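Visitor: Mind looking over this structure? Questions follow.
Every read-out reported here was derived from the displayed coordinates using simple, explicitly stated rules and does not represent laboratory data. This one's a predicted model, so the numbers in the text were calculated from it and none came from an experiment. All Cβ positions, glycine included, derive from the backbone under ideal geometry; neighbour counts span all protein chains shown.
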Protein chains: 2
Amino acid sequence: MAAVSRRARDAFEALGDPTRRSLFERLAAGPMAVGDLAAGAAVSRPAVSQHLKVLEEAQLVTKTAVGARHIYRIDPRGIGAVRDKLDAWHGTAMAAFQAFADAEHEKDEVLK
Amino acid sequence: MAAVSRRARDAFEALGDPTRRSLFERLAAGPMAVGDLAAGAAVSRPAVSQHLKVLEEAQLVTKTAVGARHIYRIDPRGIGAVRDKLDAWHGTAMAAFQAFADAEHEKDEVLK
DNA sequence: CAGGTTCGTAAGTCAAGACTAACGGTAAGC
DNA sequence: GCTTACCGTTAGTCTTGACTTACGAACCTG
């Protein structure tokens with residue numbers, strides 16, 4: 001659980017940066033090499049490499065060497081972890097709201 | 001569309017900060033006042049106020065004044081926007097992988 | 001083997017933003 | 001009315017991290 005939480009934590013921080021989110025979004029369309037990725041980015045190629053490293057550490061992407069080219073692709077497990085966290089938050093928030101609504105309804109019944 | 005994208009963008013950036021994510025997670029358990037929120041946080045109360053402002057601008061929480069106390073609670077629409085974005089990424093990534101797998105299977109009958 | 005790609009890393013600069021202290025403003029209590 | 005809570009904002013400091021340039025490693029190609 002700690003590993004999952006840690007992974008989700010890193011994933012949120014990784015997706016917090018607009019440049020990284022842009023790279024991640026482009027990788028969602030399909031695997032791509034660093035050079036191609038950098039060609040469409042607003043920053044230099046080394047910057048792209050650094051961002052890809054962060055995304056990789058966050059388990060959001062995976063790297064595969066093909067000759068001299070490094071192909072990056074999305075790691076579905078990373079998205080899954082983030083989505084699970086989001087669902088958990090949504091669930092508890094809904095439960096809390098429901099409890100609050102029930103309590104309010106209870107008071108209304110008593111007042112009647 | 002642009003409004004949704006913009007909202008999702010701000011939400012990702014808002015959830016990128018560990019302190020803000022901690023506050024958001026505590027609010028998921030139920031509505032809370034700023035003072036109570038600051039009491040359990042590692043930073044000062046003004047810092048909590050600033051973070052809550054960012055979360056509010058990102059449509060992730062809503063504020064309600066009750067006397068001199070300001071009660072913050074989670075805005076389900078904010079989570080929804082982020083989750084939708086995540087689902088979209090996951091969907092396109094899966095489609096891209098499927099297309100790649102189909103193409104490989106088509107062409108590499110003899111290889112591998 | 002020499003030359004040209006492709007990519008990651010190191011060093012250094014610099015701006016964004018996270019934080020605290022101090023102040024002002026509003027609502028409840030005496 | 002006066003004081004006491006509770007909260008938001010401002011001003012200013014300081015750390016984090018995003019970025020570029022320069023360099024070197026690994027790889028293919030001729």
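Visitor: Averaged across A:87-96, how many Cβ atoms of other chains sit within 10 Å of each residue's Cβ atom?
Guide: On the way: counts 2, 2, 13, 8, 1, 6, 11, 4, 3, 7.
Taking all residues of A:87-96 together, the mean is 6.
Visitor: For residue B:47, what is the net charge nearby, where nearby means another residue's Cβ is under 13 Å from its Cβ and Lys, Arg count +1, Asp, Glu -1? Kindly include the intermediate steps, with their values, before the conclusion.
Guide: Details: positive: B:20, B:45, B:53; negative: B:17.
That sum, taken over residues with Cβ under 13 Å, equals +2.
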